[in-house]
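Student: Questions regarding the structure given below will be posed in turn.
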Amino acid sequence: MTRLTPDLIEGVPEDTIDLDSKLMSMCGKTVKQLALEGAGVDHDVDFSKMKVACVPITSGMGVISGFSSSVDAIVKRLGMQSYVTKGTDVNGFSQAISDGVDMIMMADDAMFVAYNVHARKYTNNSWGTAMGYSVALKNAAGGVEGKDVLVIGAGLVGTEAVKILKSWGANVSVTDIKPEKALALQEKYGVKALEDVEVALASHKYILNAAPAIFPGRLIMEGAVVSTPGVPHYFDEESRKKAKAIIHDPLEIGTAMMAVNSAMYSMER
Ligand code: 2YJ
């Protein structure tokens, strides 16, 4: 996982990118609607009774300025009650438990979880990101069943995306800067490993980019739908002109997906 930096997330609390409007125009759904779909829920859910604590974690590389407040804002936009604990780490966690919260959101350098206290289960960010961006891709593409979809990156998010897209009936190909990683997914999940990322990109209209890579516009297909959680995020003018949709935000889609999925562990479906 790439470490987020304060500049990447500075617009998240006030939602300066207006993610819902962007998603509505590309996918026809809001972030909450996409997250519910990813959690397998086919109706709106009132989350107003769900109490969430966001715990800042200082271990490893430490607190990222604005991270907990961004997660807090994202969770609030889903209609949940949320706050950032005063204490950090174990102190913050114990405060959250004493306050009787239903869910705890916290991240260190390796793991970001939404922990449902009642169900004693968590949803992690790799799955949340893969599912959130796969659902967005599916909606923007008008379904993926029987379509050729390319997953770039065979890391934690890419692997989850391969499994999800395959389960939806897509013809999944995967490519990674380390070919053996793509080959391992080919073996395990019966998808197709492609070695040359440029050839792969130029021949696919539907792309889930789970790698911190930058691709030149000459390789992007006309009318392409690119769902791209990776940071840094950069698509040149040619890509933006040619693509039908480039779906990206630094934190919200993955985080909303985690929060909704974890909340549903203890709510009626
Ligand atoms: O509590 C804090 O402020 C920090 N401990 C947060 C650390 C956040 N974690 C990361 O940046 C992960 N490496 C990646 C998160 C993935 C988001 N898509």
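Student: Of everything in the range 116-129 that's within 14 Å of the ligand (Cβ to nearest atom) and of a type outside the set (A, V, I, L, M, F, W, C), which residue is most open to solvent (accessible area, probe 1.4 Å)? Let's see the steps before the verdict.
Tutor: Step one: filter the range 116-129 for residues within 14 Å of the ligand (Cβ to nearest atom), giving 123-129.
Filter once more, so that each one left must be of a type outside the set (A, V, I, L, M, F, W, C): 123-126, 128-129.
On the way: 123: 4, 124: 42, 125: 25, 126: 16, 128: 0, 129: 17 Å².
Looking at the filtered set, the residue picked out is 124.
Student: Sort through 143, 92, 132, 87 and tell me the only one that's more than 17 Å from residue 254 (Cα to Cα) and within 11 Å of the ligand (Cβ to nearest atom). Full working, then the answer.
Tutor: Numbers: 143 fails: within 11 Å of the ligand (Cβ to nearest atom); 132 fails: more than 17 Å from residue 254 (Cα to Cα); 87 fails: within 11 Å of the ligand (Cβ to nearest atom).
Selected residue: 92, the only one of 143, 92, 132, 87 that is more than 17 Å from residue 254 (Cα to Cα) and within 11 Å of the ligand (Cβ to nearest atom).
Student: Regarding residue 187, is this residue in contact with a Pro (Cβ under 7 Å, 6 or more places away or on another chain), open to solvent by 50 Å² or more (accessible area, probe 1.4 Å) and of a type outside the set (A, V, I, L, M, F, W, C)?
Tutor: Details: in contact with a Pro (Cβ under 7 Å, 6 or more places away or on another chain): no; open to solvent by 50 Å² or more (accessible area, probe 1.4 Å): yes; of a type outside the set (A, V, I, L, M, F, W, C): yes.
No; evaluated as a whole, the condition is false for this residue.
Student: Another question, then. Please count how many residues of the range 66-86 are surrounded by 14 or more Cβ atoms within 10 Å (Cβ to Cβ) and either of a type in the set (S, T, N, Q) or without any contact (Cβ under 8 Å) to a residue 60 or more places away in the chain (or both). Even if it seems obvious, please write down each step before you answer.
Tutor: Residues of the range 66-86 surrounded by 14 or more Cβ atoms within 10 Å (Cβ to Cβ): 66-85.
Then drop every residue that is not either of a type in the set (S, T, N, Q) or without any contact (Cβ under 8 Å) to a residue 60 or more places away in the chain (or both), which leaves 68-70, 72, 76, 79, 81-85.
Adding up the residues that qualify gives 11.
Student: Would you say residue 233 is open to solvent by 10 Å² or more (accessible area, probe 1.4 Å), under 25 Å from residue 107 (Cβ atoms) and not β-branched (Val, Ile, Thr)?
Tutor: On the way: open to solvent by 10 Å² or more (accessible area, probe 1.4 Å): yes; under 25 Å from residue 107 (Cβ atoms): yes; not β-branched (Val, Ile, Thr): yes.
It is true that residue 233 is open to solvent by 10 Å² or more (accessible area, probe 1.4 Å), under 25 Å from residue 107 (Cβ atoms) and not β-branched (Val, Ile, Thr).
Student: Next question. Would you say residue 99 is touching a strand residue (DSSP E or B) at 6+ places or on another chain (Cβ under 9 Å), surrounded by fewer than 22 Cβ atoms within 10 Å (Cβ to Cβ), in contact (Cβ under 8 Å) with a residue 40 or more places away in the chain and outside the structural domain of residue 191 (by TED's automatic domain parsing)? I'd like the intermediate steps shown before the answer.
Tutor: On the way: touching a strand residue (DSSP E or B) at 6+ places or on another chain (Cβ under 9 Å): yes; surrounded by fewer than 22 Cβ atoms within 10 Å (Cβ to Cβ): yes; in contact (Cβ under 8 Å) with a residue 40 or more places away in the chain: yes; outside the structural domain of residue 191 (by TED's automatic domain parsing): yes.
The answer is yes for residue 99.
Student: Then there is this: For the range 4-35, give me each residue that is surrounded by fewer than 12 Cβ atoms within 10 Å (Cβ to Cβ) and in a loop (DSSP other than H, G, I, E, B).
Tutor: 14, 16, 18 - these are the residues of the range 4-35 that are surrounded by fewer than 12 Cβ atoms within 10 Å (Cβ to Cβ) and in a loop (DSSP other than H, G, I, E, B).
Student: Inspect all residues belonging to the range 31-54 and state whether any of them is within 14 Å of the ligand (Cβ to nearest atom) and out of contact with any Lys or Arg (no Cβ under 9 Å at 6 or more places or on another chain).
Tutor: yes
Student: Could you grab the pairs with beta carbons closer than 7 Å, sequence gap of 6+ or different chains, first residue in the range 225-247 and over 18 Å from residue 7 (Cβ atoms), second one within 16 Å of the ligand (Cβ to nearest atom) and part of a loop (DSSP other than H, G, I, E, B)?
Tutor: The qualifying pairs are 228/248; 246/228; 247/228.
Student: Same structure again: Out of the residues in the range 44-97 meeting the condition of being among the aromatic types (Phe, Trp, Tyr) and not in a loop (DSSP other than H, G, I, E, B), tell me which one is nearest to the chain's Cα centre (by Cα). Give the steps one after another, and end with the answer.
Tutor: Taking the range 44-97 first, the residues among the aromatic types (Phe, Trp, Tyr) are 47, 67, 83, 93.
Imposing the further condition that a residue be not in a loop (DSSP other than H, G, I, E, B) reduces the set to 67, 83, 93.
Values: 67: 15, 83: 22, 93: 24 Å.
The residue in question is 67.
Student: Still on this model: Would you mention how many residues in the range 204-222 are of a type in the set (Ser, Thr, Tyr) and free of Cβ contacts under 8 Å to residues at least 40 places away in the same chain?
Tutor: Initial filter on the range 204-222 (of a type in the set (Ser, Thr, Tyr)): 206.
Those left that are additionally free of Cβ contacts under 8 Å to residues at least 40 places away in the same chain: none.
Within the range 204-222, residues that are of a type in the set (Ser, Thr, Tyr) and free of Cβ contacts under 8 Å to residues at least 40 places away in the same chain number 0.
The values are calculated or read from the model by the stated rules, or taken from the named source; none is laboratory data. Predicted model, so just to flag it, every value in this text is computed and none were measured. Note that we place each Cβ from the backbone using ideal geometry, even for glycine, and neighbour counts take in every protein chain shown. SASA here: full protein model, heavy atoms, side chains in, ligands and nucleic acids out. Shrake-Rupley method; radii C 1.70, N 1.55, O 1.52, S 1.80 Å.
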